[in-house]
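Reading through the structure tokens given below for one structure.
The values are calculated or read from the model by the stated rules, or taken from the named source; none is laboratory data. Everything quoted here is computed from the prediction, not taken from an experiment. A quick note on method: Cβ atoms are made from the backbone with ideal geometry, for glycine too, and the neighbour counts reach across all protein chains shown.
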């Protein structure tokens, strides 16, 4: 299916406080670039009445105060911004390297990916670590990055029975997506490795290593390197 980038954004109501702005009909870098471009404009100076702007793969959701603004005003705002904004500079993204120890206790499901792909473990690691993955959006849990660009050979269905707890830092695959778990949480992704980095550090001024629009580059490391890089637990 070929992705369609809408010539003009399509606006829809989403409940009594939500206003959804769609830029395309599927997951596509061109569509997401338009989402991020408008989100950047709105982050610089949030218009009156807009409480929150939530970017997704192909749309923006405005949460607004109905006592300060209304859907007609928001539609005019979107139209104005769409006509005046320049496309996002494709060179503004950062490439964030994420060290990953693949397989073993850190990647207990890598064998499932091998079976689905017909590749050896070393080939799975090589193929998974090769791309620079675009971060389409961040959400689900703090710092969970939804990445695009997984090689089709690694497409693997989710686990039939999700885990109650996935260790923080786990790297997994679910169907045509790959991603990282910044905190321990339930999850059904096929776990193929783990990073020693703190992907979500709420004690820092900037708690995240990356943002939507950046690119992730996975770097395979050994278990000894993992242990060297892992934050030391303090009593």
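Here are a few things to note about the model shown:
- Long-range neighbours under 6 Å by Cβ, at least six apart or interchain, first residue closer than 10 Å to residue 229 by Cα within region 191-204, second at pLDDT below 95 and not in a loop (DSSP other than H, G, I, E, B): 196/229
- Residue list for region 20-32, filter: surrounded by fewer than 19 Cβ atoms within 10 Å (Cβ to Cβ) and either free of Cβ contacts under 8 Å to residues at least 40 places away in the same chain or closer than 13 Å to residue 137 by Cβ (or both): 22, 25, 26, 27, 29, 30
- Any hit, region 80-93, residues being free of Cβ contacts under 8 Å to residues at least 40 places away in the same chain and touching a helix residue (DSSP H, G or I) at 6+ places or on another chain (Cβ under 6 Å): no
- Count of region 163-175 residues which are in contact with a helix residue (DSSP H, G or I) (Cβ under 9 Å, 6 or more places away or on another chain) and either assigned to a loop (DSSP other than H, G, I, E, B) or without any contact (Cβ under 8 Å) to a residue 40 or more places away in the chain (or both): 2
- Counting only strands (runs of 3 or more DSSP E) that sit completely within region 64-162, those holding 3 or more residues that are at pLDDT below 95 and in contact with a strand residue (DSSP E or B) (Cβ under 6 Å, 6 or more places away or on another chain) correspond to 133-138, 145-148.
- Residues located in region 3-19, provided they are touching a residue at least 40 places away in the same chain (Cβ under 8 Å) and part of a strand (DSSP E or B): 8, 9, 11, 13, 18, 19
- Checked against (1) modelled with pLDDT of 90 or more; (2) outside any loop (DSSP other than H, G, I, E, B); (3) within 26 Å of the chain's Cα centre (by Cα), residue 52 meets all criteria but (1).
- Set 169, 213: member being on the phi > 0 side of the Ramachandran plot, at pLDDT 95 or above and surrounded by 17 or more Cβ atoms within 10 Å (Cβ to Cβ): 169
- The residues in region 108-150 that are in contact with a helix residue (DSSP H, G or I) (Cβ under 9 Å, 6 or more places away or on another chain), touching a residue at least 40 places away in the same chain (Cβ under 8 Å) and farther than 30 Å from residue 61 by Cα can be counted, and the count is 6.
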